[in-house]
Amino acid sequence: MSDRNRHIDQHVGDLLSGFIDGELTQQQRQLVTLHCDNCDECRENLAGLRELRERVGTARLSEVGEDQWRESMNDSTVELTRGIGWLLFIAGLLIVAGIGVGFFIFNPDIPVGMKLLIIAIYGGLALLLISVWRQRLIESKTDKYKDVEI
Ligand SMILES: [Zn+2]
């Protein structure tokens, strides 16, 4: 069947995506336009397809934008921000722990054994945090040599 001789009353569903993508011949485009003027079904299909294409196009654009943003975002900036975040987090925890330890140590009502226990718990916590922090530093420094064993 030649599109040239295709009757205008025939549905043009198979031509719609080509119509949107601009892949049709002049005759085919005319056929779609004329048919959609008289056929609600195909007109709605065309509108739906067009909307879908636009949505896909927008999504693709925003993905590209994100990649560019990621690329322009300096690696060292990311590391520095992360480092500062960890530093603040750990410093804050240590200060809170220190206040807790001080409160217990300088409280005469608490027995020495209990004080030592609290110091051990907070001291252990501090050491754990420091070792985590140190591990992060080592990881960030050796990121380029991931296969090399530390
Ligand atoms: Zn139709």
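Keeping to the range 21-56, report how many residues are open to solvent by less than 90 Å² (accessible area, probe 1.4 Å), in contact with a Lys or Arg (Cβ under 9 Å, 6 or more places away or on another chain) and closer than 14 Å to D9 by Cβ.
So the answer is 3.
Looking only at the range 70-80, decide whether some residue is within 16 Å of the ligand (Cβ to nearest atom) and either modelled with pLDDT under 95 or surrounded by 10 or more Cβ atoms within 10 Å (Cβ to Cβ) (or both).
no
Give me the pairs, please: first residue somewhere in the range 28-44 and in contact (Cβ under 8 Å) with a residue 24 or more places away in the chain and more than 8 Å from the ligand (Cβ to nearest atom), second residue anywhere and open to solvent by less than 90 Å² (accessible area, probe 1.4 Å) and part of a helix (DSSP H, G or I), beta-carbon distance under 6 Å, and either six or more positions apart or on two chains.
Taking only residues 6 or more apart or on different chains, the pairs are Q28/D3; Q28/L15.
The values are calculated or read from the model by the stated rules, or taken from the named source; none is laboratory data. The structure displayed is predicted, hence computed values, not measured ones. Every residue, glycine among them, receives a Cβ derived from its backbone with ideal geometry; neighbour counts consider all protein chains shown. For the accessible areas, the whole protein counts, side chains as well, though only heavy atoms, and no ligand, DNA or RNA atoms are used. Shrake-Rupley method; radii C 1.70, N 1.55, O 1.52, S 1.80 Å.
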